[in-house]
């Protein structure tokens, strides 16, 4: 399954923020990557350059490659509502992202691995497609045999705060989550300027 497997800290430095979560290496070197680091004079980016950078940031944040990202954008244009907001809603509704938001994995890459290795159920059915689009009311749970995995047990003990994602509901007794609704834009914590992405694709 295609995904980015390169250095994450370097990507975070190029965007100027830790898009993969807390990163000690990023905190030590928040300046852009490159041989000359802070001493290199950076030219002012064109409008196209700014828009492209924002699209790249969204892609790497959600772990989506170019073709799939474009397909998601095209799907967003066909739906009612503000295209940029709908785009982020569709990205948030991905199964791997939802597993991450529910706290079953520490990172989106970890969530993607849980899904692709057949540890996750959607409405009681094993689903190994990370890009699977959830709909309101869908139930996400861990496969019975996979419940004892150390990585999952450690995440469950970490007491992840699902309240930060109010469009999701986690049942600690039954160990399953429900995708309640598509999130509003102000509920999505990612610092992405989606309007720039819309402008880029509109050219």
Q.
Here is a list: 70, 94, 101. Which entry is touching a residue at least 12 places away in the same chain (Cβ under 8 Å) and surrounded by fewer than 23 Cβ atoms within 10 Å (Cβ to Cβ)?
A. 70
Q. Is it the case that region 111-128 has a residue that's buried (at least 19 other Cβ atoms within 10 Å of the Cβ) and farther than 23 Å from residue 63 by Cα?
A. no
Q: Could you tell me whether residue 45 is at pLDDT below 95, farther than 27 Å from residue 198 by Cα and not assigned by TED's automatic domain parsing to the domain that holds residue 138?
A: no
Q | Identity of the residue in region 129-144, under 14 Å from residue 90 (Cα atoms) and without any contact (Cβ under 8 Å) to a residue 60 or more places away in the chain, that ends up surrounded by the most Cβ atoms within 10 Å (Cβ to Cβ) | A | 134
Q: Return yes or no: is residue 172 in contact with a strand residue (DSSP E or B) (Cβ under 7 Å, 6 or more places away or on another chain) and loosely packed, with under 14 Cβ neighbours inside 10 Å?
A: no
**Q.** Evaluation of residue 108 against (1) within 23 Å of residue 89 (Cβ to Cβ); (2) surrounded by fewer than 16 Cβ atoms within 10 Å (Cβ to Cβ) (one fails), failing number
**A.** (2)
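The values are calculated or read from the model by the stated rules, or taken from the named source; none is laboratory data. Quantities reported herein were computed from a predicted structural model and do not represent experimental measurements. Neighbour counts run over all protein chains shown; Cβ positions are idealised from the backbone, glycine included.
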